[in-house]
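The structure appears right after this line, and notes come after that.
The values are calculated or read from the model by the stated rules, or taken from the named source; none is laboratory data. Source: prediction; values computed, not measured. Note: ideal-geometry Cβ built from the backbone for every residue, glycine included; neighbour counts use all protein chains shown. To get the accessible areas, we keep the full protein, side chains included, count just its heavy atoms, and leave off ligands, DNA and RNA. Shrake-Rupley method; radii C 1.70, N 1.55, O 1.52, S 1.80 Å.
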Protein chains: 4
Amino acid sequence: MGKARLEAFSDGVLAIIITIMVLEMKVPHGDTLADLAPLIPVFLSYVLSFIYVGIYWNNHHHLLLAAKHITGGVLWANLNLLFWLSLFPFVTGWMGENHFAALPTAIYGAVLLMAALSYFILQQRIMASDGAQSVLKRALGNDWKGKVSPLLYLVAIGLAFLWPLGSQLIFLAVALLWLVPDRRIERHLSPHTSD
Amino acid sequence: MGKARLEAFSDGVLAIIITIMVLEMKVPHGDTLADLAPLIPVFLSYVLSFIYVGIYWNNHHHLLLAAKHITGGVLWANLNLLFWLSLFPFVTGWMGENHFAALPTAIYGAVLLMAALSYFILQQRIMASDGAQSVLKRALGNDWKGKVSPLLYLVAIGLAFLWPLGSQLIFLAVALLWLVPDRRIERHLSPHTSD
Amino acid sequence: MGKARLEAFSDGVLAIIITIMVLEMKVPHGDTLADLAPLIPVFLSYVLSFIYVGIYWNNHHHLLLAAKHITGGVLWANLNLLFWLSLFPFVTGWMGENHFAALPTAIYGAVLLMAALSYFILQQRIMASDGAQSVLKRALGNDWKGKVSPLLYLVAIGLAFLWPLGSQLIFLAVALLWLVPDRRIERHLSPHTSD
Amino acid sequence: MGKARLEAFSDGVLAIIITIMVLEMKVPHGDTLADLAPLIPVFLSYVLSFIYVGIYWNNHHHLLLAAKHITGGVLWANLNLLFWLSLFPFVTGWMGENHFAALPTAIYGAVLLMAALSYFILQQRIMASDGAQSVLKRALGNDWKGKVSPLLYLVAIGLAFLWPLGSQLIFLAVALLWLVPDRRIERHLSPHTSD
């Protein structure tokens, strides 16, 4: 019961985040391609963030499928994750409007890093609540993606001040890494839901 | 269980899209009919898009009623559909503010086209997951609406540069075509829910 | 099952409408009472609309509790209601910004009227779907509130051009009339949920 | 059933409130740290309000877990709470933009006070509906937090005109007080969900 409402609230917040990001693409006044052109970087940063929020929703969905107990600690770890994700519209708009400049790129990476760490903490809280028989623990295995991603974000933050495009390529690479859905949990929960 | 949350998230995103579109109608400062008049094209484009998002919600609702398995592939096909639908507020506002000019009309048609193709892909993924006993497959039959709509959007995109009003009429005609709810699925699921 | 999703989508739209209305109260730049004063009419129109959306949510909740079958016709009647309610943020902002002037007041009344008629249509569709054993039909009785409200809105629309404050008083009176929750349905569904 | 929809609607409104607050952080045009600096107070006020809305969601979640009957009175007490919470984005933005000046701080405190009183009323309505066997009544005990918080808000409102920073410290202290989740209800509902 508690789980259903945690999911509903998270879904609501994620649905709003993913949708209001598009409001950063301000409707241009003219009706020519030249009026549309300045929006291309904003659009690209929107696509990148849409993929990231989609990944978070997807993994969050699998994470909670595997969770058995929802404790107060889990609720707050979840709110902490939502807080960092709620900064996506701001950093996405800022990065897009400044054509992927150094500082906005680094700050975007920092928000990605904080979101990744928050997700990691949420995962830990759920495993701690579920104890030794945690489905999640068995499903995650060594969780190499969860460990490599923050390191790559750190590299991207530093790289932003030398070569911002390089940071963007790292953001894209990490996204592609995660686009593969978390089969581990799916497999442990039910053999019938594999793709 | 997975299906419930997919529906909840999609409902959230669709509810937000349909509602924030109205924010493109900026409150005018004066209080006369003359102040309201410039908003008429924005209002008309809002009505058109409201009907389209309503149709998508309606059909999405029937589509998922018929789906048995939610795989990772289905989740991503659904996110892809939501991405294109999330561009509705932008293209609606742009088309309305420019009084249905050629390029905004063509871009609006392009977003409709991408949404239709994404819906088709989602439908395919669900049928593939459900396999031979797919209720959806039997319910859809030859799916002529799903095949004709993208062709009509293509025509509308080309026509926009010659006669934008013609494109609008096509958009309206396709909407009316779909306004008839997808009885096929309703009929196959339960004979008691027919209108 | 279909009912659950209809409720979820409607809840989403109503929740967004009620919340984005507050965005029409633009944060003032100064920090004195004089900076806050111009917002008072906007705030008052927000309070009025919040109550109205609250009433619609409340009655919609009871209406669907009493509904047995969700047909395609019910889905579209519901979307039609949501369309008119989605215009609340616009007319609320316009009326507030123009200090309850004649035309914005009349248009506000017109949107209230259309929402009331849409609610009536939705009610009819549900009773038609449920047929002779409709719980709703018995619960509604003669539905005098549903019949009187549109008439009062009509009066308020006309009065707006002579005495706008009078129209506001009518809007308020109708709201108070409905604030009493729809006991009829509650009573017919379960004797244990009475207040 | 009625409870599920009350939760869904409240979750929707709370999810939107918590997410649109971030829209008050307007994307700056420049790409330097100097462009970001003016946003720091807006960011801090956002963090404070995010924590408060998180606390309300958390406690609301526990409150409804303990509720047995949802009457019309409970629905309206809940809408009243949501009304005051819906003013958070406005007062948060105003306080942040004016660098925690006296009047915005006092008004922020007033909204916190009204939200706290509304929560108290909602709690009373639920206990009244549930009658003598109310789980909530036993779980709440003397409810000292619920009684002390409004008093502290009152002090903060007065203090704002002498020492606004002191008011902020009180807001923060009350938030920390509530960050500890409401174990009382958790404990009374199930011994297995303790953290």
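May I ask you to verify whether A:His29 is open to solvent by 20 Å² or more (accessible area, probe 1.4 Å) and touching a His at 6+ places or on another chain (Cβ under 8 Å)? No. The set of residues in the range C:137-182 being within 14 Å of the chain's Cα centre (by Cα) and not aliphatic (A, V, I, L, M) consists of C:Lys145, C:Gly146, C:Ser149, C:Pro150, C:Tyr153, C:Phe171, C:Trp178, C:Pro181, C:Asp182.
Scanning the range B:2-50 for residues that are facing chain C (nearest Cβ under 7 Å) and either among the basic types (Lys, Arg) or farther than 23 Å from A:Val27 by Cβ (or both) yields a total of 7.
The single residue among B:Leu39, B:Leu85 that is at pLDDT 90 or above and under 13 Å from the mean Cα position of the chain (by Cα) turns out to be B:Leu85. On the stretch given as the range C:76-85, residues that are surrounded by 23 or more Cβ atoms within 10 Å (Cβ to Cβ) and within 7 Å of chain B (Cβ to nearest Cβ) total 1.
Inspect the range B:87-101 for any residue being closer than 14 Å to B:Pro164 by Cα, open to solvent by less than 30 Å² (accessible area, probe 1.4 Å) and not hydrophobic (A, V, I, L, M, F, W, C) and give the result as yes or no. Yes: the range B:87-101 contains one or more residues that are closer than 14 Å to B:Pro164 by Cα, open to solvent by less than 30 Å² (accessible area, probe 1.4 Å) and not hydrophobic (A, V, I, L, M, F, W, C). Looking only at residues in the range B:32-54 that are in contact (Cβ under 8 Å) with a residue 12 or more places away in the chain and open to solvent by 10 Å² or more (accessible area, probe 1.4 Å), which one is farthest from B:Gly93 (Cα to Cα)? Checked the range B:32-54; the qualifying residue farthest from B:Gly93 (Cα to Cα) is B:Ile51. Of all the numbered requirements in (1) buried (at least 22 other Cβ atoms within 10 Å of the Cβ); (2) more than 9 Å from every other protein chain (Cβ to nearest Cβ), C:Trp57 misses one, and that requirement is (2). Criterion applied to A:Val47, A:Val53 was being under 20 Å from A:Leu6 (Cα atoms) and modelled with pLDDT of 90 or more, and the one residue passing it is A:Val53.
Being in contact (Cβ under 8 Å) with a residue 60 or more places away in the chain, more than 14 Å from chain B (Cβ to nearest Cβ) and aromatic (Phe, Trp, Tyr), is that true of even one residue in the range C:145-154? Taking every residue of the range C:145-154 in turn, none turns out to be in contact (Cβ under 8 Å) with a residue 60 or more places away in the chain, more than 14 Å from chain B (Cβ to nearest Cβ) and aromatic (Phe, Trp, Tyr).
Screening A:Leu113 against (1) open to solvent by 20 Å² or more (accessible area, probe 1.4 Å); (2) more than 11 Å from chain D (Cβ to nearest Cβ); (3) free of Cβ contacts under 8 Å to residues at least 40 places away in the same chain leaves a single unmet condition, (3). Which ones in the range B:161-191 are over 20 Å from B:Ile51 (Cα atoms) and modelled with pLDDT of 80 or more? Result: B:Phe161, B:Leu162, B:Trp163. The set of residues in the range C:66-96 being of a type in the set (S, T, N, Q) and closer than 15 Å to B:Gly54 by Cβ consists of C:Asn78, C:Asn80, C:Ser86. Has the range B:63-70 got at least one residue that is among the hydrophobic types (A, V, I, L, M, F, W, C), farther than 17 Å from B:Gly146 by Cα, more than 9 Å from every other protein chain (Cβ to nearest Cβ) and touching a residue at least 24 places away in the same chain (Cβ under 8 Å)? Among the residues of the range B:63-70, at least one is among the hydrophobic types (A, V, I, L, M, F, W, C), farther than 17 Å from B:Gly146 by Cα, more than 9 Å from every other protein chain (Cβ to nearest Cβ) and touching a residue at least 24 places away in the same chain (Cβ under 8 Å), which makes the answer yes. Quick check: is even one residue across the range B:123-133 under 22 Å from B:Leu75 (Cβ atoms), surrounded by fewer than 19 Cβ atoms within 10 Å (Cβ to Cβ) and within 18 Å of the chain's Cα centre (by Cα)? Yes.
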